[in-house]
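Report on one structure; see the data block that follows.
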Amino acid sequence: MIGMLKSLWAVGRKLLAPTQTQLYPEEQPLLAPRYRGRIILSRDPDGAERCVACNLCAVVCPVDCIEVVKAETVEGRWYPETFRINFARCIFCGLCEEACPTAAIQLTPDFELADYARASLVYDKPDLLIAGTGKYPGYRYWDVAGKAQPAPPSVDVKGLEP
Ligand code: SF4
Ligand code: SF4
């Protein structure tokens, strides 16, 4: 009898405890700024496309889901004529963003990519290219490419000890 009452007490306490369940999509989850979700292509602060069609992102992609076709302007500058990502294959590892020298390709905290048709998960350049700079507002590849940069401050190893 006492055991039964203890069990009822335990169940009652759980029933009255505040719930941890979030009513998604009515309540949106709090995502870390570095959450790796939907991929975008960003622009320089002056509005020009950042991507120089170097193909590094496609080479580093472990599931081979990026396709870049290079074109060239009359000034000889490369840009992607085609930029395609198959999100049905992407594992959101972020390696493409790490490899990109121009900060063009970026993963964003948007995970709402679900669709009914696999073909809809293939995003082309107009689906990927945004109007702004994304995570790196002041960065412009052409301001730093081939130029000596100040050395970063050295790390105080003592400060990393527990
Ligand atoms: S996040 Fe990973 S899997 Fe997805 S496109 Fe980039 S490199 Fe490929
Ligand atoms: S997104 Fe970056 S790594 Fe990929 S082709 Fe463009 S410049 Fe190169």
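Every residue, every condition in (1) in contact (Cβ under 8 Å) with a residue 12 or more places away in the chain; (2) closer than 19 Å to Ile130 by Cα; (3) within 16 Å of ligand 2 (Cβ to nearest atom), yes or no:
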{"residue": "Ser7", "(1), (2), (3)": "no, no, no"}
{"residue": "Val11", "(1), (2), (3)": "no, no, no"}
{"residue": "Leu15", "(1), (2), (3)": "no, no, no"}
{"residue": "Thr19", "(1), (2), (3)": "no, no, no"}
{"residue": "Leu30", "(1), (2), (3)": "no, no, no"}
{"residue": "Arg50", "(1), (2), (3)": "yes, yes, yes"}
{"residue": "Thr73", "(1), (2), (3)": "no, no, yes"}
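For Lys147, state whether it is more than 19 Å from Arg38 (Cβ to Cβ), touching a Phe, Trp or Tyr at 6+ places or on another chain (Cβ under 6 Å) and free of Cβ contacts under 8 Å to residues at least 40 places away in the same chain. Talk me through it step by step, then tell me what you get.
On the way: more than 19 Å from Arg38 (Cβ to Cβ): yes; touching a Phe, Trp or Tyr at 6+ places or on another chain (Cβ under 6 Å): no; free of Cβ contacts under 8 Å to residues at least 40 places away in the same chain: yes.
When the stated conditions are applied, Lys147 does not pass them.
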Restricting attention to the range 18-42, which residues are modelled with pLDDT of 90 or more and open to solvent by less than 60 Å² (accessible area, probe 1.4 Å)? Gly37, Ile39, Ile40, Leu41, Ser42
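The values are calculated or read from the model by the stated rules, or taken from the named source; none is laboratory data. Predicted model, so just to flag it, every value in this text is computed and none were measured. So basically every Cβ, Gly included, is an ideal-geometry build from the backbone, and we count neighbours across all protein chains shown. We work out accessible area using only protein heavy atoms, side chains counted, and drop any ligands, DNA or RNA first. Shrake-Rupley method; radii C 1.70, N 1.55, O 1.52, S 1.80 Å.
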